[in-house]
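Written out below as structure tokens is the structure these notes cover.
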Amino acid sequence: MLHIGCHLSTSKGFENMGKTALSIGADTFQFFTRNPRGGQAKEINPQDVAALRALMEQNHFAPIIAHAPYTLNPASADPKIRTFALQTMADDLQRMEFFPGNLYNFHPGSHVGQGIDAGIELITEALNEILTPQLHTTVLLETMSGKGSEVGSRFEELKRILDGVKLNGKMGVCLDTCHVNDAGYSLARLDDMLAEFDKQIGLSRLKAVHLNDSLNPLGAHKDRHACIGQGTIGLQTLTNVINHPALKHLPFCLETPNDLAGYEKEIKLLRSLAR
Ligand code: FE
Ligand code: FE
Ligand code: ZN
């Protein structure tokens, strides 16, 4: 069975996200751990969390994805920016202990002129500082489009980060279809792309997929998401993605420019195309 959901707002609490997901035919979802621009996270209400966990269990949800604020930069040369990123991520992971067994996804960071090697080193060090053996969450590096000085648009960059992380048994990768397209990996040649992923990173590391179409052509290094079937990747290729034997068991999360009704339509469409 296809596990699919979309990005949801946390504003009405955790159980509400689960109910919203159910109401649109989803059995997973993603949410920001706090305001996407950073800042203080809301205090966690244990009853609200317990209600969501019960709902997820009763309805056989796939793992859910908590997304770190996308403004964090663990690869920054500025110690203040980097420290803020590390403290926020460590705090997020502490909060994730309320939801054991789920996923925490983050954008590896931007090297901002220091060069890719320095960026990779800083990100690796950051993970070595914040990961502890006690955590019950899988931490995911998201594949990036390579806009600006983003680290992680090449599979070999993600591999180097994973290789340097001591507790990398707690790590995985989230593949964003818009981002890999914009990074230059053709999803039209899905088997080739996955063979390259397997060679560099290992398919066993792949824990989730962000299912998005792209407004931009292959290799544009842009990162503008399009609705399913309305971009340069197209419905046929995205259908191949959800049905690929190496991917079909994973949680798929839509980050398409949609309101809830739009997400509901895309979920319905993709479920009808799932084999
Ligand atoms: Fe993301
Ligand atoms: Fe994404
Ligand atoms: Zn994106």
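Taking the centroid of alpha carbons for each part, segment 103-149 and segment 191-212 are 17 Å apart. Quick one: net charge of Asn181's neighbours, Cβ under 12 Å, K/R +1, D/E -1? Here the count lands on -1. The residue list Tyr263, Val209, Ala274 was ranked by how far each Cα lies along the charge dipole of segment 126-275 toward its positive end, using unit charges on Cβ atoms, and Ala274 comes out on top. Listed by chain and number, the lysines placed with their C-alpha closer than 30 angstrom to that of Lys166 are Lys80, Lys147, Lys199, Lys207, Lys248; residues fewer than eight positions away on the same chain are left out. The mean sequence separation of alpha-carbon pairs under 8 Å and at least six residues apart, normalised by the residue count of segment 1-115, gives a relative contact order of 25 percent. On the chain, 52 percent of the accessible area sits on carbon and sulfur atoms, based on a 1.4 Å probe. For the chain, the square roots a ≥ b ≥ c of the C-alpha gyration tensor eigenvalues yield an a/c of 1.5 or more together with a/b not exceeding b/c, which makes the shape oblate.
Here's the list of lysines a cross-link from Lys12 could span, going by alpha-carbon distance under 19 Å and ignoring same-chain residues fewer than 8 apart: Lys42.
Near Ala41: Cβ cut-off under 13 Å, other residues only, Lys/Arg at +1 and Asp/Glu at -1. The net charge is +1.
Within the shell of other residues whose beta carbon sits under 11 angstrom from the beta carbon of Lys147, the net charge comes to -1, with Lys and Arg scored +1 and Asp and Glu -1. Restricting the trypsin sites (Lys or Arg not before Pro) of segment 119-210 to loop positions (DSSP other than H, G, I, E, B) with no more than 13 neighbouring Cβ atoms within 10 Å leaves Lys166.
Of the GluC sites (Glu not before Pro) in segment 1-106, the ones in a loop by DSSP (not H, G, I, E or B) with at most 10 other beta carbons within 10 Å are Glu43. Take the chain with all the other protein chains still there, run a 1.4 Å probe, and you get 43 Å² of accessible area per residue.
The values are calculated or read from the model by the stated rules, or taken from the named source; none is laboratory data. Being a predicted model, the structure only gives us computed values, none of them experimental. Heads up, the Cβs are rebuilt from the backbone with ideal geometry, glycines too, and the neighbour counts pull from every protein chain shown. We work out accessible area using only protein heavy atoms, side chains counted, and drop any ligands, DNA or RNA first. Shrake-Rupley method; radii C 1.70, N 1.55, O 1.52, S 1.80 Å.
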